[in-house]
Structures are given as structure tokens and as C-alpha cells.
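J.: Let me begin by handing over the structure; questions about it come next.
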Amino acid sequence: MTTRQQSNNPPRNLPTSGKLYAPNLIAQGRPGRYMKKNRGFTVIEIVLAIAIGAIILALVTIGGNRALAQRSLNTTSMELEGVLRNARQAAPNAGGAKVLFNQATPTSKANWQVLLGTRLTNQHEMDRGLQVTLSPSSPQAIEFTGAGTLAEDRQITLSSSTTGSSISWKIYASTGAVERLP
């Protein structure tokens, strides 16, 4: 037998009685009596793993909330722009149209209502964190005359307190045209 071949016989300098002989450990150069039991993870390793997981989860949650808030702002802005254009187009047949804006309170969300003549035709509740501001600020409504025009130019801004983003429109008094501002 060559020196490179392994045998099942123990080396000559180690005793052959039961517990001290472990062929797989001797082949690695570590006698069996020095073998430590694998006891799993330490408390520090577990705490670090949990802390890293919590940090990653927090970052993902914050990013996800911002993305949802931005999508809510974009969706609501498209709906609001459509409502304004539809109210302007319906005003001549209804004898006027009004889009009323109600601000958020601690117990309710901000919303808008559309009146064609005196009939309520549309009501929309906005997601939390969205706010509508009008310029000039009074009245809190966009009122189209029977001709589809306004008494004065108005600017509407829809903003999100979560993302800090906003979208604005200008409504021209002479034509009632709704233009999205850059």
C-alpha cells in the first residue's frame, strides 16, 4: 500500500479504543478528542440577522408607501381633470355646473361634488394625504356659467403631503378651458 492511499486502520500514535478515534477528523488533522459540538447560532448572530431584516423591511415599506401615494396623486389628478372638463361641457345643457371642494377634517377625507344645475351628479372622496387648493381661495368651488365660462380665471392645485408632489391646472374665465400646468 502506498503512503497516499488511505486505510481504515488508525494511525499508530493514537489509541484504538472507541471515542478517541474518528477517521474523518484524523484525515483533516484534528483528533476526535478536540472536536466541538455544533450548537447553532449565537445570540449575537440572531440579533444581528433580525436587525438587518428589520432595516430592510423598513426601507421597502417606506419606498412602497411613497410609490402608492404618488400613484394615488396621479390617478386622482386624472379623475379631477376629467370631472372639470365634463362639468364645463355639461354646463350649457344644465344651466350651469359647479364643482365643490370640501377640505379634509380629522373625521373625514377631502372630497369634491359635482352639481349640474341643482342636481348632484358626482361625488368623489380623495385618499388621505391629498389636498385641493384653489386660487383665488374663495369660493371653494369652480362654477361654470350656462355658457361654460367662469367669472374669473382660477387655478387648482392637487397636492400630496406624503410625497410633497403637486399637480396644477388653470381654468380660463373667457373660454372655460382647463389647462394642466407644467
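J.: Please state the shape class of the stretch 32-181: rounded when a/c is under 1.5, otherwise prolate if a/b exceeds b/c and oblate if not, all from the C-alpha gyration tensor.
T.: Since a/c reaches 1.5 and a/b is larger than b/c, the shape of the stretch 32-181 is classed as prolate.
J.: Once neighbouring chains are kept in place and the probe is 1.4 Å, which whole percent of the accessible area of the stretch 25-182 is contributed by carbon and sulfur? All intermediate terms of the calculation are to be shown ahead of the outcome.
T.: Working: 5670 of 9970 Å².
Carbon plus sulfur share of accessible area: 57 percent.
J.: Once you order the gyration tensor axes a ≥ b ≥ c over the Cα atoms, which shape class does the stretch 104-155 get: rounded for a/c under 1.5, otherwise prolate or oblate by comparing a/b with b/c? If you can, show how the numbers build up before the last one.
T.: On the way: a/c = 2.96, a/b = 1.46, b/c = 2.02.
Oblate, because a/c is 1.5 or more while a/b does not exceed b/c.
J.: Counting other Cβ atoms within 10 Å, which trypsin sites (Lys or Arg not before Pro) in the stretch 124-182 have at most 16 and lie in a DSSP loop? Intermediate values should be presented prior to the final figure.
T.: Values: sites: ARG128, ARG154, LYS170, ARG180; in loops: ARG128.
Here the sparse-neighbourhood loop sites are ARG128.
J.: Then there is this: Select from SER135, SER166, THR118 the residue farthest towards the positive end of the dipole of the stretch 63-182; place +1 on Cβ of Lys and Arg, -1 on Cβ of Asp and Glu, and compute about the Cα centre.
T.: Ranked along the dipole, the leading option is SER166.
J.: Could I have the simple spin-label model distance between GLU152 and ARG39, label points 7 Å from Cα toward Cβ, reported in nm to one decimal?
T.: 7.9
J.: List the residues of the stretch 114-155 whose backbone N lies under 14 Å from a point placed 7 Å from the Cα of SER166 along the Cα-to-Cβ direction.
T.: Within reach of a label on SER166, which here means backbone N under 14 Å from a point 7 Å along Cα→Cβ, the stretch 114-155 contributes 130-137, 155.
The values are calculated or read from the model by the stated rules, or taken from the named source; none is laboratory data. Bear in mind that the values here come from a model prediction, so they are computed numbers and not experimental data. All Cβ positions, even for glycine, are placed from backbone atoms using ideal geometry, and neighbour counts span all protein chains on display. Remember, those area values only see protein heavy atoms, side chains included, never the ligands or the DNA or RNA. Shrake-Rupley method; radii C 1.70, N 1.55, O 1.52, S 1.80 Å.
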